[in-house]
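Asks: Handing you this structure, nothing more for now.
The values are calculated or read from the model by the stated rules, or taken from the named source; none is laboratory data. All of these numbers come straight from a predicted model, not from anything done at the bench. With ideal geometry, Cβ positions are generated from the backbone for all residues, glycine too; neighbour counts draw on all protein chains shown.
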Amino acid sequence: NEHAASSQRPSEVLDEDARTGLSVEALKKAILNNLFYVQGKYPEIATRNDYYMSLAYAVRDRLLQRWVASVKQYLEGRHRIVSYLSAEYLLGPHLANNLINLGIFKEVEQATQELGINLQWLLDKEVEPGLGNGGLGRLAACYMDSLAALEVPAIGYGIRYQFGIFEQEIRDGWQVEDTDNWLRRGNPWEIARRELNYEVKLGGYVQHYMDRDGKFRSNWIPELTVKGVAYDTPIVGYKVNTTNTLRLWKSEAPKSFDFQSFNSGDYNNAVNQKIICENISKVLYPNDETLSGKILRLQQQYFFVSCSLQDMIGIHLRQGEKIEDFNVTFAVQLNDTHPAIAIAEMMRLLVDEYDLEWVDAWRVTTRSFAYTNHTLLPEALETWDLELFGSVLPRHLELIYEINRRFLDEVTIKVYGNHNKINSLSIIGEGPRKYIKMANLACAGSFAINGVAALHTELLKSTVLKDWYALYPEKFSNKTNGVTPRRWLVLSNPKLTSLISGKIGESWIKHLEELKRLEAFADDPEFQKAWMDVKYEMKKTLAKKILNRTGIKVNPDSLFDVHVKRIHEYKRQHLNILHVIALYNRIKKNPSLEIVPRTFIFAGKAAPGYRMAKLIIKLINSVGEIVNNDPDVMDRLKVVFFPNYNVSNAQVIYPAADLSVQISTAGKEASGTGNMKLSMNGAITIGTLDGANVEIREAVGEENFFLFGLTAEEVAKKKNEGYNPYSYYLENEELKLAIDQIASGYFSHLDDKIFKDLVDNLLYHDPFLVLADFASYVASQEQAAEAFKDKKSWAKMSILNTARMGKFSSDRSIREYCDEIWKVKSVPVHLNGKY
Ligand code: TH1
C-alpha cells in the first residue's frame, strides 16, 4: 500500500473487461483466466512462476491496448519520430515498473492478495533482462521511460541478446562468471514479430560495373547473409497512454539456407552456417568502457544497425513519403559509437539501393543522425583494424574511403593544410596498420554532437574532439544525463515516496523540480525523524539481504558507505579500500578509539578479461575477511561485497545508503548516473569534481556534499609534470602501512604475491592518482563521519539532497534532447473505446 498514492490513472480508461479492465475484480479475473488459458493450470497446482506469468500476461494485455493506439496515432498523424540506436538496454524487471506506470500497483496488490498470493513473491520471480553493462545501457532504459512519459513518439532499437551481462558469483573472494540465461522460462514482455524481418549481408566482396544507363554501380556479393527478426517490448509512460516500442533484433539463418543445403546435400555445413548466423545476437560483450576489436562485435553492431535502418526506411516509405525526406520523419540518436556504422550503412542504402546521388544521400544522412559521446578514456574510443573491417563490410570500407576523401577535401581548406589537424580529423588512422576511427565517422556524419555532463562536454571540446569543435562549434552541446524517478524513487523506495507525497502531493513524480518544496521541511524535527525512520527501515531491509547473500551481519545503525558501480581502476574502488585499511589500523593501534561505526558496501562486476579489476574484487574481499572477523574491531567496521550487482539489487541498495561514494579520478567519469540515484534517495555524496558530481554539488549546495581530491586540471598538470606516486607513499604513514600490509600478505594469509601487480602498479605507475588523492579522501571521510554524529543536521542534509535533485530527472534530459536536437513534439495518445 506504499504505492497507494500513485494509483490515479487517466479517466478515459473505461473498459472493464478481463483484457483491459483496471479494477481489482477485472484484474483478478484476468489472472485466473491466464492461469487456465495461458499456463494450463488451476490454483491448487499452480506455482509462483505460473502466477507471475499469468499476472504478466494480464498486464501485457493492458499495455497492448495502449500500444496499438500509440502506433496508430503516430502513423496516421505522420508525426516526427525519435529513433534511439543503442547496443545496450539495461532495463531491469518490467512487472513492477509497468504496474506503477499504468497506475495499478495498489489494485494488483489487492487482486493478488484476494487470490491468496503475495505480489512480492511474483515480482521476485522475474529474471531481469540485463542487456547492458552499466551506465550507458541503463541510461538508454531511463530515456525510453522518459520518452514515453513525455508522450514523445519514439522507437528504441537494439539487440536481443540471448545471454545478457554475466551473473557474478564470489568464490574464495574471486569473481566467477556464470551465463545469464534470462530467457529460459520465456519472456512474457516481448512479442515476436516473425513477419518483420530483414536480411543483412556480411563479408564477401564488391563487384563494380556500369549499367545500361552508363551509371557506375556496386554489387556487394556477401559471404554470408543473416536474417534479423524483430522482438518488440512495449514501454508505457507514467500515467499516460503513450506506449512506445523497444525493438530488439534476433539473428537467424535466412530461409534460403534450407534451400542451399537441400541442393548441395552438405547438411553439416548448412547446420554450421545456421549456428554462425544465430551466434551474432547470442551474447552481450561484457566490457564496459573498453573496446574489444573482435569481428563478432563489429558484426553485432552492423547487424542491428542495418535491420533498424531498413525498418525505419520501410516505415517512412509506407507513409507515402519520399526517401529524400527520411530526416523529416526520423531523428536518429547514436548512443556512443557502437551504432556509428549506421552512417555508412545509410549511405549504402541510399546510394546503392535507392539510387540517390552521393551529395543528396550525404545531405539526408547528415540531417538524420546525432551522436552522443559517453567517454574520454582512450581505451574506450572505438577503432577497427581496417583489414578486419574490410573483411566484414567490404562495401562500407569503400564508402568510408569516399566519405573521408570528400570530407578531407573540404576541411583541408578550412585548416590551411595543417597536417596534424588533417590526421586527427581523418576517419582513417595511419600507423603500422590502418584503422577506422568510429568517433570521427560519427562526428562527420552527424548534425549534433553532445557530451553527457557539463565538465565532460567541456573536456570533449578542449581535448578529444578539439579539432572537430574548432570546425563545427554549432554542432556541439551538453546534455547532462538524468535518471527516471519512477524506477529509482517510486518503485525502489515506496516508503520515501509516500512520505514525500504526503507533504507535497504527487505531481513531483512527473515534475521532479517540485521536490524543491521539501526544502520547507528540512528543519522540521518531525519530518526529519520520519525521513530518517524510512532510511532506517531501508537499511534493515538491505541488512537482511546482505546477511542472506553473504552471511555477514551488519548493523543498520552504522554509517552505510556505499560504492556500487562497475569495477574499474578509474572509479578507484582501491582508494576506498585503502581508507578502510587506514581506519582498521587506527583501531588496531588504539582499540578503545571512539569511531563512527561503518558498513562499507561494495558491489559491481569486473569485465572477465580485466585482471586488475578482478584483483581489486579479491582485495576487497580479503580485507573484509580480516576486518570483519578481528575481535579488536568489535563490529565497528564491516566490509561487504554484495555479489551480482544488477538493476534489481541496485533498487535495494540505493534507498539504504547514507554516503554515496563517487571518487573517480577527476576528468575520467563522463557523467555517472548512480551518483544521481543515490542522492535522490537521500544519500550524501563524497566525491571528486568529476562528471555530473560537479553539477550535483552545485544543485545540493557545497555544504551538503563532501568534496575532496585533485581537479581535472590539476590531474592533467600533475601528469604533465611527471607524477611520482612513490613520494606520496613515503610521505604518508597511514598510506605506507596500508600498502605494506597488502604487499606483505597481511590480508591474504601471508601470501605476498597475490596482490603484487596491484601494489606495484600503485607505487610505480598509479595512472589514476590514487596515492595523490589518498590524504584528501581520508580527511574528507573524517568530516563525513563527524557530520553523521549530528543526526539532525545529517537528516537536513539528506532531505536537501533529495529536494534539490529535480534537475537530474531523465525527463529534463529528454526534454532538452527533444527541444534542442531532435525537434520533436509530444503527441498525446487517446484510447477510443476498445480495439
Ligand atoms: C558510461 C560512462 O562511463 C558514464 O560516466 C556515463 O554516465 C554513462 O556511460 C552514461 O552516459 C559509459 N559506458 C560505456 C560502455 C561502453 C563503452 C563506453 C562507455 S561510456 C561499452
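Asks: Run Leu91 past the list (1) more than 17 Å from Arg487 (Cα to Cα); (2) within 16 Å of the ligand (Cβ to nearest atom) and report the number of the one that doesn't hold.
Replies: Against the list (1) more than 17 Å from Arg487 (Cα to Cα); (2) within 16 Å of the ligand (Cβ to nearest atom), Leu91 comes up short only on (1).
Asks: Kindly check whether there is at least one residue in region 512-530 that is touching a Pro at 6+ places or on another chain (Cβ under 9 Å) and either of a type in the set (Lys, Arg) or in contact (Cβ under 8 Å) with a residue 24 or more places away in the chain (or both).
Replies: The initial filter retains those residues of region 512-530 that are touching a Pro at 6+ places or on another chain (Cβ under 9 Å), namely 512, 515.
If we keep only those that are either of a type in the set (Lys, Arg) or in contact (Cβ under 8 Å) with a residue 24 or more places away in the chain (or both) as well, we get 512, 515.
The answer is yes; a qualifying residue exists.
Asks: Take Leu689 and tell me if it is under 20 Å from Leu800 (Cβ atoms), surrounded by fewer than 24 Cβ atoms within 10 Å (Cβ to Cβ) and within 16 Å of the ligand (Cβ to nearest atom). If you could, list the steps in order and put the result at the bottom.
Replies: Working: under 20 Å from Leu800 (Cβ atoms): yes; surrounded by fewer than 24 Cβ atoms within 10 Å (Cβ to Cβ): yes; within 16 Å of the ligand (Cβ to nearest atom): yes.
Yes, satisfied.
Asks: Going by the structure shown, is Leu147 more than 11 Å from the ligand (Cβ to nearest atom), in contact with a strand residue (DSSP E or B) (Cβ under 8 Å, 6 or more places away or on another chain) and not β-branched (Val, Ile, Thr)? Explain how you work it out, then say what you get.
Replies: Numbers: more than 11 Å from the ligand (Cβ to nearest atom): yes; in contact with a strand residue (DSSP E or B) (Cβ under 8 Å, 6 or more places away or on another chain): yes; not β-branched (Val, Ile, Thr): yes.
Against the criterion (more than 11 Å from the ligand (Cβ to nearest atom), in contact with a strand residue (DSSP E or B) (Cβ under 8 Å, 6 or more places away or on another chain) and not β-branched (Val, Ile, Thr)), Leu147 qualifies.
Asks: Yes or no: region 375-385 includes at least one residue that is away from the ligand (no atom under 15 Å from the Cβ), in contact with a Lys or Arg (Cβ under 9 Å, 6 or more places away or on another chain) and within 27 Å of Leu224 (Cα to Cα).
Replies: Kept after step one, since they are away from the ligand (no atom under 15 Å from the Cβ), are these residues of region 375-385: 385.
Now restrict to residues that are in contact with a Lys or Arg (Cβ under 9 Å, 6 or more places away or on another chain): 385.
Add one more test, that the residue is within 27 Å of Leu224 (Cα to Cα), and what stays is 385.
Scanning region 375-385, I find at least one residue that is away from the ligand (no atom under 15 Å from the Cβ), in contact with a Lys or Arg (Cβ under 9 Å, 6 or more places away or on another chain) and within 27 Å of Leu224 (Cα to Cα), so the answer is yes.
Asks: Anything in region 442-465 that is hydrophobic (A, V, I, L, M, F, W, C), away from the ligand (no atom under 16 Å from the Cβ) and out of contact with any strand residue (DSSP E or B) (no Cβ under 8 Å at 6 or more places or on another chain)? List them, or say none.
Replies: Ala444
Asks: From (1) touching a His at 6+ places or on another chain (Cβ under 8 Å); (2) within 16 Å of the ligand (Cβ to nearest atom); (3) outside the structural domain of Arg367 (by TED's automatic domain parsing), pick out the condition that doesn't hold for Pro494.
Replies: (2)
Asks: Output yes when any residue across region 353-371 is modelled with pLDDT under 95 and either of a type outside the set (A, V, I, L, M) or crowded, with 20+ Cβ neighbours inside 10 Å (or both), and no when none is. So that I can check it myself, show each step before the final result.
Replies: First, the residues of region 353-371 that are modelled with pLDDT under 95: none.
No, region 353-371 has no match at all.
Asks: All but one of (1) farther than 24 Å from Gly667 by Cα; (2) in a helix (DSSP H, G or I) hold for Ala784; state the number of the condition that does not hold.
Replies: (1)
Asks: Being surrounded by fewer than 23 Cβ atoms within 10 Å (Cβ to Cβ) and of a type in the set (Val, Ile, Thr) is the filter here, so list the residues in region 641-670 that pass it.
Replies: Within region 641-670, Val647, Val652 qualify.
Asks: Would you confirm whether any residue within region 340-348 is more than 16 Å from the ligand (Cβ to nearest atom), over 15 Å from Ala87 (Cβ atoms) and among the small types (Gly, Ala, Ser)?
Replies: There is at least one residue in region 340-348 that is more than 16 Å from the ligand (Cβ to nearest atom), over 15 Å from Ala87 (Cβ atoms) and among the small types (Gly, Ala, Ser).
Asks: With region 566-684 as the region, which strands (runs of 3 or more DSSP E) entirely inside it contain at least 1 residues that are touching a Cys at 6+ places or on another chain (Cβ under 6 Å) and at pLDDT 95 or above? Spell out how you get there, then give the answer.
Replies: On the way: elements: 598-603, 637-641, 659-662.
In region 566-684, no matching strands (runs of 3 or more DSSP E) lie anywhere.
Asks: Something else now. Take region 37-51 and flag every residue that is hydrophobic (A, V, I, L, M, F, W, C) and within 12 Å of Ile117 (Cα to Cα). Show your work before the answer.
Replies: Keep residues of region 37-51 that are hydrophobic (A, V, I, L, M, F, W, C), which gives 38, 45-46.
Passing the criteria: only Ala46.
Asks: Also, I was wondering about something else. Can you say whether Lys791 is away from the ligand (no atom under 16 Å from the Cβ) and without any contact (Cβ under 8 Å) to a residue 24 or more places away in the chain, as far as the supplied structure shows?
Replies: Details: away from the ligand (no atom under 16 Å from the Cβ): yes; without any contact (Cβ under 8 Å) to a residue 24 or more places away in the chain: no.
No, not satisfied.
Asks: Moving on. Is it the case that region 116-124 has a residue that's within 16 Å of the ligand (Cβ to nearest atom), in contact (Cβ under 8 Å) with a residue 12 or more places away in the chain and not assigned by TED's automatic domain parsing to the domain that holds Lys510?
Replies: Step one: of region 116-124, the residues within 16 Å of the ligand (Cβ to nearest atom) are none.
No.
Asks: Mind checking which residues of region 156-182 are surrounded by fewer than 24 Cβ atoms within 10 Å (Cβ to Cβ), hydrophobic (A, V, I, L, M, F, W, C) and touching a residue at least 60 places away in the same chain (Cβ under 8 Å)?
Replies: Of everything in region 156-182, those that are surrounded by fewer than 24 Cβ atoms within 10 Å (Cβ to Cβ), hydrophobic (A, V, I, L, M, F, W, C) and touching a residue at least 60 places away in the same chain (Cβ under 8 Å) turn out to be Phe163, Phe166, Ile170, Trp174.
Asks: Continuing with the same structure: Restricted to region 567-609, and to residues that are buried (at least 24 other Cβ atoms within 10 Å of the Cβ) and among the basic types (Lys, Arg), which residue is nearest to the chain's Cα centre (by Cα)?
Replies: Lys605
Asks: Okay, next question. All but one of (1) more than 16 Å from the ligand (Cβ to nearest atom); (2) closer than 26 Å to Gly624 by Cα; (3) buried (at least 20 other Cβ atoms within 10 Å of the Cβ) hold for Asn681; state the number of the condition that does not hold.
Replies: Status for Asn681: all satisfied but (2).
Asks: Quick one: Arg217 ticks every box in (1) assigned to a strand (DSSP E or B); (2) closer than 30 Å to Leu75 by Cα bar one, so which box is it?
Replies: (2)
Asks: A further question on this structure: State whether the residues of region 179-192 include one that is in a loop (DSSP other than H, G, I, E, B), small (Gly, Ala, Ser), away from the ligand (no atom under 16 Å from the Cβ) and not assigned by TED's automatic domain parsing to the domain that holds Ser70. Give the steps one after another, and end with the answer.
Replies: Here is the first cut: in region 179-192, the residues in a loop (DSSP other than H, G, I, E, B) are 179-190.
When the remaining residues are screened for being small (Gly, Ala, Ser), the result is 186.
Applying the additional criterion that residues be away from the ligand (no atom under 16 Å from the Cβ) yields 186.
Next, from what is left, pick out any that are not assigned by TED's automatic domain parsing to the domain that holds Ser70: 186.
Yes, because at least one residue in region 179-192 is in a loop (DSSP other than H, G, I, E, B), small (Gly, Ala, Ser), away from the ligand (no atom under 16 Å from the Cβ) and not assigned by TED's automatic domain parsing to the domain that holds Ser70.
Asks: Take the residues in region 403-421 that are touching a residue at least 12 places away in the same chain (Cβ under 8 Å) and loosely packed, with under 15 Cβ neighbours inside 10 Å; name whichever of them is farthest from Met347 (Cα to Cα). Don't jump to the end; show me each part of the working.
Replies: So the first thing to find is which residues in region 403-421 are touching a residue at least 12 places away in the same chain (Cβ under 8 Å), and the list is 403-404, 406-408, 411, 414-415, 421.
Add one more test, that the residue is loosely packed, with under 15 Cβ neighbours inside 10 Å, and what stays is 406, 414.
Values: Arg406: 14, Lys414: 25 Å.
Filtering first and then ranking leaves Lys414.
Asks: Moving on. All but one of (1) away from the ligand (no atom under 16 Å from the Cβ); (2) touching a residue at least 40 places away in the same chain (Cβ under 8 Å); (3) out of contact with any strand residue (DSSP E or B) (no Cβ under 6 Å at 6 or more places or on another chain) hold for Tyr435; state the number of the condition that does not hold.
Replies: Just one mismatch for Tyr435, condition (3).
Asks: Please give the number of the condition Glu379 fails out of (1) of a type outside the set (Val, Ile, Thr); (2) more than 25 Å from Glu357 (Cα to Cα); (3) over 33 Å from the mean Cα position of the chain (by Cα).
Replies: All conditions are met except number (3).
Asks: Being closer than 22 Å to Gln301 by Cα, part of a helix (DSSP H, G or I) and either touching a Leu at 6+ places or on another chain (Cβ under 9 Å) or among the acidic types (Asp, Glu) (or both) is the filter here, so list the residues in region 409-450 that pass it.
Replies: Scanning region 409-450 gives Met438, Ala439, Asn440, Ala442, Cys443, Ala444.
Asks: Considering (1) of a type in the set (D, E, K, R); (2) surrounded by fewer than 18 Cβ atoms within 10 Å (Cβ to Cβ); (3) in contact (Cβ under 8 Å) with a residue 60 or more places away in the chain; (4) touching a helix residue (DSSP H, G or I) at 6+ places or on another chain (Cβ under 8 Å), say which one Asp336 fails and leave the rest.
Replies: Of the numbered conditions (1) of a type in the set (D, E, K, R); (2) surrounded by fewer than 18 Cβ atoms within 10 Å (Cβ to Cβ); (3) in contact (Cβ under 8 Å) with a residue 60 or more places away in the chain; (4) touching a helix residue (DSSP H, G or I) at 6+ places or on another chain (Cβ under 8 Å), the odd one out for Asp336 is (2).
Asks: Then there is this: Scan region 304-312 and give yes if some residue there is among the aliphatic types (A, V, I, L, M), away from the ligand (no atom under 16 Å from the Cβ) and either out of contact with any helix residue (DSSP H, G or I) (no Cβ under 9 Å at 6 or more places or on another chain) or within 26 Å of Val152 (Cα to Cα) (or both), otherwise no. Give the steps one after another, and end with the answer.
Replies: Just the residues of region 304-312 that are among the aliphatic types (A, V, I, L, M), to begin with: 305, 309, 312.
Checking which are away from the ligand (no atom under 16 Å from the Cβ) leaves us with 309, 312.
Applying the additional criterion that residues be either out of contact with any helix residue (DSSP H, G or I) (no Cβ under 9 Å at 6 or more places or on another chain) or within 26 Å of Val152 (Cα to Cα) (or both) yields 309, 312.
There is at least one residue in region 304-312 that is among the aliphatic types (A, V, I, L, M), away from the ligand (no atom under 16 Å from the Cβ) and either out of contact with any helix residue (DSSP H, G or I) (no Cβ under 9 Å at 6 or more places or on another chain) or within 26 Å of Val152 (Cα to Cα) (or both).
Asks: Now a separate question. Hey, can you tell me all the residues within region 355-364 that are in contact with a Phe, Trp or Tyr (Cβ under 9 Å, 6 or more places away or on another chain) and either touching a residue at least 40 places away in the same chain (Cβ under 8 Å) or within 13 Å of the ligand (Cβ to nearest atom) (or both)?
Replies: Answer for region 355-364, where residues must be in contact with a Phe, Trp or Tyr (Cβ under 9 Å, 6 or more places away or on another chain) and either touching a residue at least 40 places away in the same chain (Cβ under 8 Å) or within 13 Å of the ligand (Cβ to nearest atom) (or both): just Val364.
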